[in-house]
Amino acid sequence: MFLAVASYSPLDAALLSGGTEGIPENWIGRLGAWFGLYLFRLTGIAAYFVPLLALLRVIRGLFQSPGRFSVFAGGSVLVMTGLILIFGLNPEV
């Protein structure tokens with residue numbers, strides 16, 4: 001997931017929609033290009049925080065008691081919603 005987001009290229013959108021021929025620039029290939037495209041369409045630049053939240057969940061599960069997943073998932077949704085709204089205030093970034 002991290003590599004798909006880190007190597008996202010807007011040029012892959014034309015390739016995936018059938019506009020051009022070639023190999024995606026995404027490091028994961030066609031699957032990573034699809035994942036990055038839809039994640040960026042859904043969340044915008046806040047997509048860079050999705051792998052960080054996933055990594056936080058894994059680290060938290062390794063070193064602490066797992067806790068309630070629903071609380072962590074709800075908090076992650078609220079954090080992502082806030083980031084989407086904050087980055088949406090200045091779309092030129």
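The values are calculated or read from the model by the stated rules, or taken from the named source; none is laboratory data. Source: prediction; values computed, not measured. FYI the Cβ positions are ideal-geometry reconstructions off the backbone, even for glycines, and counts take in every protein chain you see. What goes into the accessible areas is simple: the full protein's heavy atoms, side chains included, and nothing from ligands, DNA or RNA. Shrake-Rupley method; radii C 1.70, N 1.55, O 1.52, S 1.80 Å.
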query: Which one of TYR8, TYR38, TYR48 is touching a helix residue (DSSP H, G or I) at 6+ places or on another chain (Cβ under 8 Å), within 26 Å of ILE86 (Cα to Cα) and open to solvent by 80 Å² or more (accessible area, probe 1.4 Å)?
result: TYR48
task: Confirm whether VAL58 is part of a helix (DSSP H, G or I), open to solvent by less than 80 Å² (accessible area, probe 1.4 Å), of a type in the set (Val, Ile, Thr) and on the phi < 0 side of the Ramachandran plot.
output: no
query: Does segment 11-21 include one or more residues that are modelled with pLDDT of 85 or more, under 16 Å from the mean Cα position of the chain (by Cα) and surrounded by 14 or more Cβ atoms within 10 Å (Cβ to Cβ)?
result: no
query: Out of segment 50-68, which residues are free of Cβ contacts under 8 Å to residues at least 40 places away in the same chain, hydrophobic (A, V, I, L, M, F, W, C) and closer than 20 Å to MET1 by Cα?
result: LEU52, LEU53, LEU56, VAL58, ILE59, LEU62
